[in-house]
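Everything below concerns the one structure shown next.
The values are calculated or read from the model by the stated rules, or taken from the named source; none is laboratory data. On a predicted model such as this, the values are computed, not experimentally measured, just so you know. Glycine gets a Cβ as well: all are built from the backbone with ideal geometry, and neighbour counts include every protein chain shown.
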Amino acid sequence: MENLDKYIEMAQDMAVQYAPRLFSALLVLILGLWLIKFMVKVVNRGLAHKAIDPILGVFLGSLVSWTLKIILFVVVGSMLGIATTSFVALLGAGGLAIGLALQGSLSNFAGGVLILLFKPFKVGERIETMGRTGEVSEIGIFHTTIVTLDKRTIILPNGPIMNADIVNYMKKGILRVDLIIGISYKSDIQKARNVLLDVMHNHPKVLKDPEPVVLVTELADSSVNLGVRPHCLPEDYAAVYVEVLEAGKLALDRGGITIPFPQVDVHLDKLAIDN
C-alpha cells in the first residue's frame, strides 16, 4: 500500500510537471496543422492564378506541405523534451544518401520542373529534340512522352531534354514548307515560277500571308533547283508538303517544263579516238 501511494504520488508529480508541456505541444500541433493546411491552400491558389501547370502545382503543394509538417513535428518533439538533434542529423544523412543514389532521377526531376515552369513546349505541340521528332502527348515530372509521325511512342528523360536543343515547330503558329524542285537549264525559269505560284495560290491549306515564293536556290549539275516556299498551319504541314510537291510536278508537265534526270556530259578527245 505504501508503494502504491508512492507511485501515485510520482504520477501526480509527473502530471503536474509534464501536463503543461504536453498541452502546449498538442496545441502547437493542432494549430500548426491548421496553419499548414491554410498555407498550402494559399500556395495552390497562387500557383493557379499564375497559370502554373497542374502537375507542377500539385507537386509543389505536396512539397510545401510535407516540408512544413516535418518542421512542425521537430518543433513539437523539442517541446516534449525529445532530443531532435540526432533526428535532424539522420534526416540530413538520409537525404544525402538518397540524393546520391537517385542522382539521375533528380536530374530528370529538375528538368521536369523547368519544363513545366518555363514551358518550352506544351502537350499537343510538335517538337524535335535529342534526334527525335513528334507530338508531345504527356509531360511528367521525370519523363516526356512524344508520338512520332509513324505512331511510335517515345519516352524521353527530362534532364537530357533540358540540356539539348529543342525545336518547337508550333510556337509561332505557322510553318514554312521547304520544297526543292529542279527544272532543266533549257526551261523558262519565270514560266516555271508562275506555274508553281499558281499551284500554291490555289491550294486551300497554303496561307496567303506570308505570300508563297519561288526562288532559284542552286545551279546544280543537271538542273536549276527552285526553292518552293509555302506557309501553312502546323497541323497541315505534312499535307501541304506532299500535295504541293505532287501538284507542282503535274502542273510543270502540263506547262511543258522538263524536270530532268541526273545527266553527265562525256567529251571524247578526237586524238584519243584516232589512236
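Across segment 165-210, what is the number of residues that are in contact (Cβ under 8 Å) with a residue 40 or more places away in the chain, closer than 16 Å to Gly248 by Cβ and not basic (Lys, Arg)?
Counting residues in segment 165-210 that are in contact (Cβ under 8 Å) with a residue 40 or more places away in the chain, closer than 16 Å to Gly248 by Cβ and not basic (Lys, Arg) gives 17.
Of the residues Lys205, Lys151, Lys172, Lys186, only one is surrounded by 13 or more Cβ atoms within 10 Å (Cβ to Cβ) and of a type in the set (Lys, Arg); which? Outline the logic, then answer.
Details: Lys151 fails: surrounded by 13 or more Cβ atoms within 10 Å (Cβ to Cβ); Lys172 fails: surrounded by 13 or more Cβ atoms within 10 Å (Cβ to Cβ); Lys186 fails: surrounded by 13 or more Cβ atoms within 10 Å (Cβ to Cβ).
Result: Lys205 is the single residue among Lys205, Lys151, Lys172, Lys186 that is surrounded by 13 or more Cβ atoms within 10 Å (Cβ to Cβ) and of a type in the set (Lys, Arg).
Could we say that Leu207 is in contact with a Cys (Cβ under 8 Å, 6 or more places away or on another chain) and in the same structural domain as Tyr241 (by TED's automatic domain parsing) here? First the steps, then the outcome.
Numbers: in contact with a Cys (Cβ under 8 Å, 6 or more places away or on another chain): yes; in the same structural domain as Tyr241 (by TED's automatic domain parsing): yes.
When the stated conditions are applied, Leu207 passes them.
(1) surrounded by 11 or more Cβ atoms within 10 Å (Cβ to Cβ); (2) at pLDDT below 75; (3) not charged (D, E, K, R): which one isn't true of Leu96, the others all being true?
Condition not satisfied by Leu96: (1).
So is Leu156 assigned by TED's automatic domain parsing to the domain that holds Val244 and either within 18 Å of Val242 (Cα to Cα) or not in a loop (DSSP other than H, G, I, E, B) (or both) or not? Show your work before the answer.
Values: assigned by TED's automatic domain parsing to the domain that holds Val244: no; either within 18 Å of Val242 (Cα to Cα) or not in a loop (DSSP other than H, G, I, E, B) (or both): yes.
Criteria not met by Leu156.
Filter segment 130-164 down to the residues that are closer than 12 Å to Ile115 by Cβ and in contact (Cβ under 8 Å) with a residue 60 or more places away in the chain and list them by number.
Ile139, Gly140, Ile141
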